[in-house]
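**Student:** Just dropping this structure here.
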Amino acid sequence: DEWDLMVTGGFAYLLPHTRHILNVPLESSGFSILDEDVPFYQMVLRGYADYTGEPMNLAQDYEASLLRTIETGASLYYCGFYADPSVVKHTDFDHYYASGFRDFADQAVSLYKEINGLLGSTAGERIIDHSILASGVHMTTFESGVRVVVNYTEEPFDLGDVRIERRSYRILEEHDRHED
């Protein structure tokens with residue numbers, strides 16, 4: 001294909017021409033009719049296009065945004081510029097209040113190294129299963145058998161002999177077998 005586009009949002013008509021999609025919603029609308037979030041969009045896209053959620057440095061709840069990024073197999077995304085962030089104050093761009101590159105560069109590099117070290121082997125793999133183990137505890141399985149368990153709750157969760165701490169995640173390799 002001659003196109004290799006990066007788009008924001010990822011409308012369906014662009015998907016055949018897109019390899020990188022920014023700002024993909026990683027959670028539902030939160031309407032009360034829904035019980036749990038299931039990453040259907042990501043299950044369809046993963047392995048065919050790279051995608052990100054919101055910029056980590058602009059997230060209202062950094063910890064929850066990071067957990068959703070890990071659960072859905074999204075790439076990390078930061079939005080920044082090198083100038084002092086005060087240059088956008090009282091302008092049409094003041095929503096980039098936390099985009100000073102120097103303010104988050106070390107954190108971004110450190111987090112990328114951590115996540116890539118744990119999930120780098122799943123790059124380009126499809127999501128083959130997503131399970132809700134308990135309210136607020138989700139498990140995503142990638143083609144290679146690597147599973148990531150994300151605990152959004154305020155209490156630790158035990159999956160057999162593996163403990164997933166509160167608001168945390170664990171990577172389980174294919175050979176790890178744990179009784180639910």
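**Student:** For the range 126-164, give me each residue that is outside any strand (DSSP E or B) and not charged (D, E, K, R).
**Tutor:** Initially, the range 126-164 is screened for residues outside any strand (DSSP E or B), giving 126, 135-136, 143-146, 152-156, 160-161.
Hits for the range 126-164 are Ser135, Gly136, Ser144, Gly145, Val146, Tyr152, Thr153, Pro156, Gly160.
**Student:** Something else now. Filter the range 100-124 down to the residues that are among the acidic types (Asp, Glu) and closer than 26 Å to Ala83 by Cβ, then identify the one that is surrounded by the most Cβ atoms within 10 Å (Cβ to Cβ). Even if it seems obvious, please write down each step before you answer.
**Tutor:** Filtering the range 100-124 down to residues among the acidic types (Asp, Glu) leaves 103, 106, 114.
Checking the rest, the ones that are also closer than 26 Å to Ala83 by Cβ come to 103, 106.
Values: Asp103: 14, Asp106: 9.
Residue satisfying both the conditions and the ranking: Asp103.
**Student:** Taking the criterion of being within 18 Å of Ser75 (Cα to Cα), in contact with a strand residue (DSSP E or B) (Cβ under 6 Å, 6 or more places away or on another chain) and outside any strand (DSSP E or B), would at least one residue in the range 115-122 satisfy it?
**Tutor:** Our first condition is that a residue be within 18 Å of Ser75 (Cα to Cα); within the range 115-122, this holds for 115-122.
Pick out the ones that are also in contact with a strand residue (DSSP E or B) (Cβ under 6 Å, 6 or more places away or on another chain) and you get 118, 122.
With the extra rule that they be outside any strand (DSSP E or B), the set shrinks to 118, 122.
The answer is yes, given that some residue of the range 115-122 is within 18 Å of Ser75 (Cα to Cα), in contact with a strand residue (DSSP E or B) (Cβ under 6 Å, 6 or more places away or on another chain) and outside any strand (DSSP E or B).
**Student:** Taking the residues in the range 69-108 that are assigned to a helix (DSSP H, G or I) and touching a residue at least 60 places away in the same chain (Cβ under 8 Å) as candidates, determine which candidate is farthest from His138 (Cα to Cα). Spell out how you get there, then give the answer.
**Tutor:** In the first step, residues of the range 69-108 are kept if they are assigned to a helix (DSSP H, G or I); the result is 69-71, 85-88, 94-96, 101-108.
Now narrow it down to the ones that are touching a residue at least 60 places away in the same chain (Cβ under 8 Å): 70-71.
Working: Ile70: 11, Glu71: 7 Å.
If we take residues in the range 69-108 being assigned to a helix (DSSP H, G or I) and touching a residue at least 60 places away in the same chain (Cβ under 8 Å), then Ile70 is farthest from His138 (Cα to Cα).
Every residue, every condition in (1) of a type in the set (Gly, Ala, Ser); (2) over 13 Å from the mean Cα position of the chain (by Cα), yes or no:
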| site | (1), (2) |
| --- | --- |
| Ser110 | yes, yes |
| Leu118 | no, yes |
| Ile132 | no, yes |
| Thr140 | no, no |
| Ser144 | yes, yes |
| Val148 | no, no |
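**Student:** Look at Asp129 and say whether it is of a type outside the set (S, T, N, Q) and out of contact with any strand residue (DSSP E or B) (no Cβ under 6 Å at 6 or more places or on another chain).
**Tutor:** When the stated conditions are applied, Asp129 does not pass them.
**Student:** Inspect the range 16-23 for any residue being modelled with pLDDT of 90 or more, in a loop (DSSP other than H, G, I, E, B) and either touching a helix residue (DSSP H, G or I) at 6+ places or on another chain (Cβ under 6 Å) or closer than 26 Å to Leu119 by Cα (or both) and give the result as yes or no.
**Tutor:** Yes.
The values are calculated or read from the model by the stated rules, or taken from the named source; none is laboratory data. Here the structure is a predicted model, which is why all the values come from computation and not from measurement. Backbone-built Cβ (ideal geometry, glycine too); neighbour counts: all protein chains shown.
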